[in-house]
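Notes follow once the structure below has been shown.
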Amino acid sequence: MSVRFREAWSEFWVSGVSKLGVAFLIALSAISIYVLVSYPLDFGLRRWNNPPIWSDNPKAVPPAWTTSFGGESVVEHTTFLATEPTNVTESAKSRTLTYEFSIDYGYDGFPSFTSLSVTNATFHTRAPQFTLFFERPDNATLKLLREVAPAKRSEEEPPVTRWTEPPRRVYLSGDDRVASAIQSFLSRDFELKVSRDLIMRVHPELPLFGVPKQENETLSWEVLKGTYHIRVEAELFDSRDTVGEIKYVLGGGVFGMMGTDSLGRDLAVGLIFGFPVALFIGFVTSTLTTVIGAAGGVASGYLGGKVDLIIQRAADLVYNVPLLPILIFFTFAVGRGLWVIVVILVAFGWPGLAIIVRSMVLQVRESQFIEAARSLGASRRWIMFRHVFPQVAPYVFSQLIFYTPSAILSEAALSFLGLGDPSIPTWGQILQLGFQSGGVYVGWWWWIVPPGLLIVVTAVTFVFLALGMEPVVNPRLRRMR
Amino acid sequence: MGIARTLTIRAVTLIAVLILVLFMVVTVLGATGLSDKLLGAIVNERVRAERQSLAQSIRDPDELNRVMEARELELTKLYGLDLPWYLRLPQMAYRVLILDLGNARSLKSFKGSRVIADIVLERLPNTLLLMTSAIAISAVLGLVVGVKIGTNPGTRKDRALSYFSAISFALPTWWTGILLILTCAFWFQMTFGFKLFPPGGMYSTPPPADPWVAALDVVYHAALPVLTLVVALVGSYTYTARTIVLNVAQEDFVTVARAKGVPEKLVERRYIMRVAAPPILTNIIIGLAGSIGGAILTEAVFNWPGMGTLYYQAILQLDEAVIIALTYIFTLVYVAGRFILEVLYIALDPRVRY
């Protein structure tokens with residue numbers, strides 16, 4: 001057995017496709033293991049399909065590395081976090097914690113949005129007050145907004161905790177108070193009278209990070225480069241009061257390694273999670289399919305008679321059913337679970353193998369070593385397992401590899417039609433969302449190309465392996481080299 | 001006698017397939033309670049329509065209610081809604097068979113009809129047009145290239161083919177389509193200011209008046225979807241053709257023919273192709289189911305007004321009646337296509353005839 005295996009391996013290893021396939025397979029497995037170790041199992045429900053987690057990311061922006069090809073410099077997505085105040089001042093009745101962030105703003109564009117979050121405000125008597133100041137390089141200072149934590153209710157016992165789950169998040173780009181602050185700032189510093197509506201329409205970032213330019217009745221904004229200071233002052237009224245965390249987000253025009261989708265989800269995170277899912281679907285489906293197909297084929301070929309007739313008729317029928325319409329119908333009617341997809345793929349996938357294995361077994365059955373085993377009184381099950389199956393095993397194994405990509409592709413196709421399992425993000429689903437959001441027509445390539453490419457690479461890996469195995473299984477193809 | 005018998009056997013198998021699919025569909029419909037929902041909707045629709053017409057003659061609202069209640073009970077009986085789902089199976093199967101599935105929820109035919117049969121059947125020719133042209137082009141391409149390479153195995157071209165066919169097999173059809181839209185429509189628009197090919201649809205708006213120009217317009221719109229399908233199909237077609245030709249080319253009778261000094265062209269055509277053609281066709285027959293799947297997805301991507309796009313829309317709008325009808329019609333198309341190819345096979349392979 002081991003000699004045969006070594007021979008087969010050297011035959012397999014000769015061709016370039018096999019080496020490529022093995023290399024890809026190792027890479028895919030390594031990434032999958034990394035995901036299994038580092039991702040939570042309920043990643044899909046808890047994180048991926050949980051919009052608040054992604055709210056501080058820019059929406060549908062390309063990867064960060066795209067800016068390195070020149071052109072205008074786009075704002076890099078930056079998150080400013082502080083758990084400790086930079087300064088503390090005390091007065092008779094209160095204590096003021098100051099959190100300060102400074103931004104060296106040298107970009108040619110404006111941020112896509114800005115937001116401020118406060119996490120965990122704990123107080124004993126009076127609710128703390130938070131004030132956000134915005135200091136521009138031209139020394140203008142805006143008091144953008146003031147937030148007060150919800151006051152203590154009569155039934156609550158101090159200490160009272162506010163804004164833990166979820167934190168208090170103010171989307172500054174859509175906040176009316178910010179718009180008012182900008183309105184008075186523009187009229188004071190630039191003698192420019194504009195409505196709050198207009199500020200909301202052009203986005204508050206433009207007046208905040210820019211200087212108005214009025215030419216022939218049209219208003220435009222020019223970026224004001226320099227150092228900005230974001231200052232959050234928290235006024236606390238009891239010595240025991242605390243503030244957890246202050247976060248200021250400068251929404252970028254680019255994000256991370258792979259960009260984001262229209263919900264602001266980091267595509268790199270979702271795409272990496274797709275690796276083990278794809279391999280799981282492929283392996284489970286192909287293993288079940290080949291086991292059933294091979295068992296059916298061996299039984300059908302070796303036992304003959306009624307068993308043969310039933311299996312072959314059934315295989316003939318099932319083999320002729322067009323798969324995708326049936327898959328669509330079943331997932332639509334029964335439910336969009338990953339298991340539904342796997343079960344249907346197996347139920348309609350086994351006949352091809354069963355038919356071919358049967359024809360191979362018919363030849364093996366007549367050989368002398370089977371006759372010898374039979375005459376020694378071996379049971380039928382023993383002969384099928386120990387003598388017949390090993391003869392067809394190489395072929396069955398090559399088919400195991402060969403079925404893997406078709407399962408992955410079928411799942412992707414179903415996901416693309418909107419029938420994927422909603423609790424588990426897959427590459428097909430990411431692509432489907434990108435397509436459905438009209439990404440093809442506005443050119444969101446970073447959302448559409450990578451998931452498809454990953455599907456192709458994964459599928460190609462197994463096709464290469466199967467191709468490399470072909471000469472091992474079919475000796476006739478060996479001669480040509 | 002021989003042909004008739006072979007054809008009958010094939011026809012019976014294919015009809016059995018159709019029955020199997022029908023049976024599966026109605027069983028799932030019954031077991032999941034979807035058939036109750038479906039028939040209930042038909043009954044409601046009819047009751048509403050009759051009530052409206054009766055309201056003209058019966059003025060008394062109490063009287064009208066009484067009549068309609070009786071009528072509703074009658075209809076419930078007629079549609080078998082008072083029976084458990086498994087007793088309703090034959091009736092339901094027949095309903096699917098003749099596409100009597102009521103009205104679509106919100107989908108409409110191009111002329112505005114909401115009847116399911118109208119919606120589905122008017123799209124059938126568009127799907128057939130797309131599918132047959134793609135399969136025909138791929139088959140011819142696959143055959144020509146496959147034979148060329150199969151008779152010269154081991155060359156660089158041969159190795160390139162095996163890489164290409166692997167990639168063609170692994171390329172999700174719809175993703176190829178999306179890439180083509182991104183490049184030929186979006187990217188061209190951005191860099192050159194015009195689209196090389198339209199990103200979707202079947203006609204320009206408004207469609208050209210002259211029938212010849214209109215036909216060209218359809219070809220122009222079909223270019224990308226057909227190319228997408230060809231890319232998906234041609235790899236496996238070529239590779240199987242190459243492998244089968246390679247196997248045949250190593251047979252002794254081919255060597256003898258070459259040794260006799262038969263010109264290479266003649267060897268290829270008479271000795272190799274004649275033997276290789278039937279199994280190659282068999283492979284195309286087997287691939288038909290896959291081509292149908294590819295066509296569904298390609299249509300959805302290119303918004304081609306065929307049954308595949310309808311599938312996509314029906315899924316988005318949760319219209320189960322349309323999905324049932326489409327599943328059935330696609331199976332029917334598949335069965336019919338299979339049968340035509342089987343007839344072709346008999347014409348190619350004399351061994352089946354005698």
From the protein chains alone at 1.4 Å, what is the descending order of accessible area for A:VAL249, A:VAL343, A:VAL457, largest first? A:VAL343, A:VAL457, A:VAL249
Using unit Cβ charges (K, R positive; D, E negative) and no other charged atoms, how large, in debye to the nearest 20, is the dipole of the protein assembly as shown about its Cα centre? 3520
Inter-label distance, nm, simple model (7 Å from Cα along the C-beta direction), B:MET273/A:GLU76: 6.4
Give me the aspartates and glutamates in straight-line cross-link reach of A:LYS59: C-alpha distance below 12 Å, same-chain residues under 8 apart excluded. A:ASP261, A:ASP266
If you take the beta carbon distance between A:GLN214 and A:LEU36 as r and set R0 to 56 Å, what does 1/(1 + (r/R0)^6) give as a FRET efficiency, to the nearest 0.05? 0.45
Relative intensity, log₁₀ I(q)/I(0), of region B:39-145 from a Debye sum that treats every alpha carbon as a point, q = 0.24 Å⁻¹: -1.21
Proximal lysines to B:LYS111, defined as alpha-carbon separation beneath 29 angstrom and excluding residues fewer than eight positions away on the same chain: B:LYS37
Note: B:GLU122 to B:THR76 extended length (0.36 nm per residue) minus current alpha-carbon separation gives 13.5 nm
Residues from region A:397-433 losing no less than 40 square angstrom of accessible surface in the full protein assembly compared with the chain alone, 1.4 angstrom probe, ligands and nucleic acids excluded, are A:LEU409, A:PHE416, A:LEU417
When every alpha-carbon pair in chain B is counted, what percent end up more than 33 Å apart? 47
Please list log₁₀ I(q)/I(0) at q = 0.14 Å⁻¹ for region B:53-100, using the Debye equation with identical point scatterers on the alpha-carbon positions. -0.51
First measure r as the distance between the Cβ atoms of A:LYS306 and A:GLU84, then evaluate 1/(1 + (r/R0)^6) with R0 = 60 Å and state the FRET efficiency to the nearest 0.05. 0.15
For region A:222-328, whose charge dipole is built from +1 on Lys and Arg Cβ atoms and -1 on Asp and Glu Cβ atoms, the candidate among A:GLY226, A:THR260, A:PRO325 with its Cα farthest towards the positive end is A:PRO325
Chain B: relative contact order from alpha carbon pairs under 8 Å, six or more residues apart, as a whole percent, is 24
Using a 1.4 angstrom probe, figure out how much accessible area region A:86-152 has per residue, in square angstrom, rounded to the nearest whole. 43
Can you send over the solvent-accessible area of B:MET273, 1.4 Å probe, protein chains only, in Å² to the nearest 10? 40
Between the helical axis of B:320-348 and the dominant principal axis of chain B, each derived from Cα atoms, what acute angle in degrees is found, rounded to the nearest 10? 30
For region A:1-158, taking Cα atoms only, what is the radius of gyration to one decimal and the Dmax to the nearest whole Å? 27.4, 89
How large is the Kirkwood hydrodynamic radius of the protein assembly as shown, in angstrom, based on all distinct alpha carbon pairs? 31.9
Of A:ALA407, A:VAL61, A:GLY274, whose Cα points farthest to the positive end of the dipole of chain A (charges on the beta-carbon: +1 Lys, Arg; -1 Asp, Glu; origin at the Cα centre)? A:ALA407
5 angstrom amide H check on B:GLY201, placed H, neighbours 5+ away: B:ASN303, B:TRP304
What full-extension length gain, to one decimal in nm, is calculated for B:LYS111 and B:VAL218 as 0.36 nm per residue of separation minus the Cα-Cα distance? 36.6 nm
Got a number for the accessible area of A:PHE80? Probe 1.4 Å, square angstrom, nearest 10. 40
For region A:436-455, residues shielded by at least 10 square angstrom of accessible area compared with the chain on its own, probe 1.4 Å: A:GLN436, A:VAL440, A:TYR441, A:VAL442, A:GLY443, A:TRP445, A:ILE448, A:VAL449, A:GLY452, A:LEU453, A:ILE455
Distance in Å, no decimals, from the C-alpha centre of region A:148-173 to the one of region B:147-206 is 57
Region A:35-151 - percent relative contact order, Cα under 8 Å, separation 6 or more: 16
Report, in degrees rounded to the nearest 10, the 0 to 90 angle that the Cα long axis of helix B:156-170 makes with the longest principal axis of chain B. 10
Result row for chain A, helices from DSSP H with C-alpha axial extent 30 Å or more and mean Kyte hydropathy at least -0.5, is A:16-38, A:267-303, A:338-365, A:389-416, A:445-473
Round to a whole angstrom and tell me the spacing of the C-alpha centers of region A:332-360 and region B:23-42. 23
Mind ranking B:318-324, A:282-288 by how tightly packed they are, going by the mean number of other C-beta atoms within 10 angstrom, highest first? B:318-324, A:282-288
Charge context of B:ASP217, other residues only, Cβ under 15 angstrom, K/R +1, D/E -1: 0
Run lengths n ≥ 4 of DSSP H only: what is the helix-derived mean residue ellipticity at 222 nm for the protein assembly as shown, with -39500 (n - 2.57) per run over all residues, to the nearest 500? -20000 deg cm²/dmol
Amide H contacts under 5 Å for A:VAL61, placed H, 5+ residues apart: A:THR260
Helix B:211-249: inclination vs chain B longest Cα principal axis, degrees, rounded to 10, gives 50
For region A:91-134 and region B:309-354, what is the centre-to-centre distance using only Cα atoms, to the nearest Å? 64
Stokes-Einstein D for region A:74-169 (10 °C, 1.306 mPa s, Kirkwood Rh from Cα pairs), in µm²/s, comes to 100
With Cβ to Cβ distances under 15 Å as the rule, what net charge do the other residues near A:VAL269 carry (K, R +1; D, E -1)? -1
Environment charge of A:THR83, counting only residues whose C-beta is closer than 12 Å and scoring Lys/Arg +1, Asp/Glu -1: -1
Delta accessible area of at least 50 Å² on complex formation, residues of region A:282-327, 1.4 Å probe, chain isolated as reference: A:LEU317, A:ASN320, A:PRO322, A:LEU324, A:PRO325
Debye, to nearest 20: dipole size of chain B, +1 on Lys, Arg Cβ, -1 on Asp, Glu Cβ: 1340
Considering only B:ILE116, B:ILE98, A:HIS124, whose Cα is most displaced toward the positive end of the charge dipole of the protein assembly as shown, charges sitting on Cβ of Lys, Arg (+1) and Asp, Glu (-1)? B:ILE98
Report the Stokes-Einstein translational diffusion coefficient (µm² s⁻¹, integer) for region A:131-194, Rh taken as the Kirkwood radius over Cα pairs, at 20 °C with viscosity 1.002 mPa s. 150
Can you list the lysines whose alpha carbon is less than 17 Å from that of B:LYS265, not counting same-chain residues fewer than 8 positions off? B:LYS148
Which whole number gives the average count of other chain Cβ atoms within 10 Å of the Cβ atoms across peptide B:171-183? 6
Point-charge dipole on Cβ atoms (K/R +1, D/E -1) for chain A, about Cα centre, debye to 20: 2320
Coarse-grained scattering of region A:306-367 at q = 0.25, 0.26 Å⁻¹, given as base-10 log I(q)/I(0) from a Debye sum over alpha-carbon atoms: -1.00, -1.04
For region B:90-152, what mean projected area does the convex hull of the alpha carbons give, in nm²? 6.9
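The values are calculated or read from the model by the stated rules, or taken from the named source; none is laboratory data. All values derive from a computational prediction rather than experimental measurement. For neighbour counting, all protein chains shown are included, and Cβ atoms are generated from backbone atoms with ideal geometry for every residue, glycine included. The area values use the complete protein model at the heavy-atom level, side chains included, leaving out ligands, DNA and RNA. Shrake-Rupley method; radii C 1.70, N 1.55, O 1.52, S 1.80 Å.
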